[in-house]
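In what follows, a structure is listed as structure tokens, so that the remarks can point back to it.
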Amino acid sequence: MDKKLDLKRISQIIDESNADIIGLNEVDKQFSKRSEYMDQAEWIANKLKMDYVFGPAITMEGKRKDDIRQYGSTILTRFPILDSENHPFDFLPSIIEDRSLLEVTLEIDKQEVAVYVTHLSLAPFLHGKQTEFILKQVNKQKTPSIIMGDWNMKPYSSSWRLITKQLKDTWVEHQTKGDCGYTYPSNRPRMKLDYIFTNKEFEVINSKVLIHEKEASDHLPLLTTLKLK
């Protein structure tokens, strides 16, 4: 929010949160001058000494054919990564920004856990299609699942109601008292756009928005503590 590119600041916020699984949206991989053509996911993972998987939503050729520019989402974790798959949302020709769902299988307490991160479209038709795809994918796995990201929707909207028929909104389950849950815009939050959902295999211990560093991103981080049943 202060127009500064500062991955150290982002990394410090993640580190201080003590989170074991982190979902990041709008991550560049040699994408453009705005991010100094860095592999941002790799840089942050190395800084935090975590494993990671990057899932591109946009892939473009650079000036040379062997230059690949990508933009998407990332999952960072302290747990062993067993498998991963990126699911592009190919519902319409690329007339607006492409989106995707990144799926990673982790080993937690000797169990397989599916973790997803996504960034949904602002267009209502595409948002609905993307939501349906995510629910179908989660239900197909039949494992403990965590689904997070910038959903670009408001609580109790039609998409939110569709999701919460099958999954738990960790914020609704156990929000911190006095915390309204707003995550955007970070300097003066007045909307909740970011969510962490789980299936019934998890108990929600708490959920809160981290507000101590408002300039690092245009969204505030959402943190939840979960317990495998």
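The values are calculated or read from the model by the stated rules, or taken from the named source; none is laboratory data. Since this is a predicted model, take the numbers as computed values, not measurements. As a convention, Cβ positions derive from the backbone with ideal geometry for all residues, glycine included, and neighbour counts pool all protein chains shown.
Quick notes on this structure:
- Count of the stretch 171-229 residues, restricted to those that are touching a Pro at 6+ places or on another chain (Cβ under 7 Å), within 21 Å of SER157 (Cβ to Cβ) and surrounded by fewer than 16 Cβ atoms within 10 Å (Cβ to Cβ), is 1.
- Every pair of residues 6+ apart whose Cβ atoms lie under 6 Å, when the first sits in the stretch 163-186 and is in contact (Cβ under 8 Å) with a residue 12 or more places away in the chain while the second is acidic (Asp, Glu) and surrounded by 15 or more Cβ atoms within 10 Å (Cβ to Cβ): THR183/ASP194
- Of all the residues in the stretch 5-60, those that are over 15 Å from LEU220 (Cα atoms), touching a residue at least 40 places away in the same chain (Cβ under 8 Å) and among the basic types (Lys, Arg) number 2.
- The condition (being modelled with pLDDT under 95 and closer than 13 Å to TYR195 by Cβ) is satisfied by just one residue among LYS154, LYS142: LYS154.
Listed here are the residues, each with its yes/no results for (1) touching a His at 6+ places or on another chain (Cβ under 7 Å); (2) surrounded by fewer than 21 Cβ atoms within 10 Å (Cβ to Cβ); (3) among the acidic types (Asp, Glu); (4) within 18 Å of TYR116 (Cα to Cα).
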position: LEU5; (1), (2), (3), (4): no, yes, no, no
position: SER17; (1), (2), (3), (4): no, yes, no, no
position: GLY23; (1), (2), (3), (4): no, no, no, yes
position: GLU42; (1), (2), (3), (4): no, yes, yes, no
position: LYS49; (1), (2), (3), (4): no, yes, no, no
position: GLU61; (1), (2), (3), (4): no, yes, yes, no
position: GLN70; (1), (2), (3), (4): no, yes, no, no
position: LEU82; (1), (2), (3), (4): no, yes, no, yes
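- Failed criterion for GLU26 (all others in (1) assigned to a strand (DSSP E or B); (2) at negative phi; (3) modelled with pLDDT of 95 or more hold): (2)
- Extreme residue, nearest to LEU122 (Cα to Cα), among residues of the stretch 176-229 that are among the acidic types (Asp, Glu) and assigned to a loop (DSSP other than H, G, I, E, B): ASP218
- Count of the stretch 57-91 residues which are of a type outside the set (D, E, K, R) and either in a loop (DSSP other than H, G, I, E, B) or modelled with pLDDT of 95 or more (or both): 16
- Criterion applied to GLU112, GLU107, GLU103 was being in contact with a Ser or Thr (Cβ under 7 Å, 6 or more places away or on another chain), of a type in the set (Asp, Glu), surrounded by fewer than 21 Cβ atoms within 10 Å (Cβ to Cβ) and not in a helix (DSSP H, G or I), and the one residue passing it is GLU112.
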